[in-house]
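Worksheet for the structure shown next.
Each reported figure results from applying straightforward, stated rules to the coordinates on display, with no laboratory input. Only a predicted model underlies this, so the values are computations on that prediction, with no experimental measurement involved. Neighbour counts run over all protein chains shown; Cβ positions are idealised from the backbone, glycine included.
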Ligand code: TUI
């Protein structure tokens, strides 16, 4: 459907998934996805143009629908005729007609069965069922519970996401009925991933309980690596602080993690599977390892027959 060699999407990580990472993933046979995050249209167009220079393979654009620039970025996706648009943190219904007319394949992230059905009704080509094991903004359900229920509920392909970082995760996702996987955290350690060295180190060092979810009170739960910022946010969100003050407190924290590597004050988004990421590798090595490992696991399952 997308012209990719391997059924692996690279998650659209805000501030992180730039043209260089995206082209490396697409050139290795996966689907690289540029993250628009909270960036403006100029940045996004620049990254699309750069990615087109760096790869002749298909790549995607992720639009974070809570962004103040979502309308502008949605328009650019249509103008630049991006092959695939994925969306996160909301309902992309109002852009569907424009994207369809531009020939863009639309694949929303869905946190529930209801949302998956709505996306299918609105013309989505596939859905990404993302469980709460993932990093960043999350829904309520786990990947294990969400993926099979979404697979039963829709007739379009399902991409599983959340807590997948190796071949075992891929095999598990396929067992749950998924057609492909989306992987974010594993790509944080990629050689072509332009994050601060302190971010990579934090991910590589992380253990199973390294992450925490904050932001539930305002209805936007976010998973990040435990540090001073996460502890402080977790405390003050349940005081009588106003939503505006809380937003102010969180503003710019991801940039401080990604660009400055500020270990105390930055917000280091990562999934619960960070403990499985233990070395830096290039995207080709990551994707080859994922595919070989999945094959090994799937062959091993023969013993159950
Ligand atoms: O979007 C993500 N992950 C993200 S976005 C992000 S930036 C951010 N910063 C602060 C607050 C919020 C976001 C960092 N990580 N993943 C895809 C995803 N989408 N996960 C869950 C959802 C989702 C949730 C609710 C999709 C649709 C949805 O609809 C409910 C509604 O009522 O709109």
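Label-to-label distance, residue 217 versus residue 289, with points set 7 angstrom from Cα along the beta-carbon direction: 4.0 nm.
When you restrict to C-alpha pairs under 8 Å that are six or more residues apart and normalise by the size of segment 1-149, the relative contact order lands at 15 percent.
Shown here are the Rg and Dmax of the Cα trace of segment 176-248, at 15.6, 45 Å.
With a Förster radius of 22 Å applied to the C-beta separation of residue 304 and residue 279, the computed FRET efficiency comes to 0.10. The chain has equivalent-ellipsoid semi-axes of 26, 23, 20 Å, by the square roots of 5 times the alpha carbon gyration tensor eigenvalues, sorted largest first. To the nearest 0.05, what FRET efficiency results for residue 238 and residue 201 with a Förster distance of 25 Å applied to their C-beta separation? E(calc), rounded to 0.05, equals 0.25.
One decimal place: the segment residue 101-residue 255 gains 52.0 nm when fully extended, by the rule 0.36 nm per residue minus the C-alpha distance.
Any chance you could list the semi-axes, whole Å, largest first, of the equivalent ellipsoid that the Cα gyration tensor gives for segment 159-305, using √(5λ)?
33, 18, 11
Suppose a student asked you for the relative contact order of the chain, using Cα pairs under 8 Å spaced at least 6 residues apart; what percent would you report?
It comes to 17 percent, rounded to a whole number.
For the pair residue 245 and residue 149, label points projected 7 Å from Cα toward Cβ lie 3.6 nm apart.
Centre-to-centre, using Cα atoms only, segment 2-16 and segment 235-305 are separated by 15 Å.
Normalising the average separation of contacting C-alpha pairs (under 8 angstrom, six or more residues apart) by the number of residues puts the relative contact order of segment 65-224 at 16 percent. Say R0 is 25 Å: what FRET efficiency, to the nearest 0.05, do residue 179 and residue 228 get from their beta-carbon distance? After rounding to 0.05, the efficiency reads 0.05.
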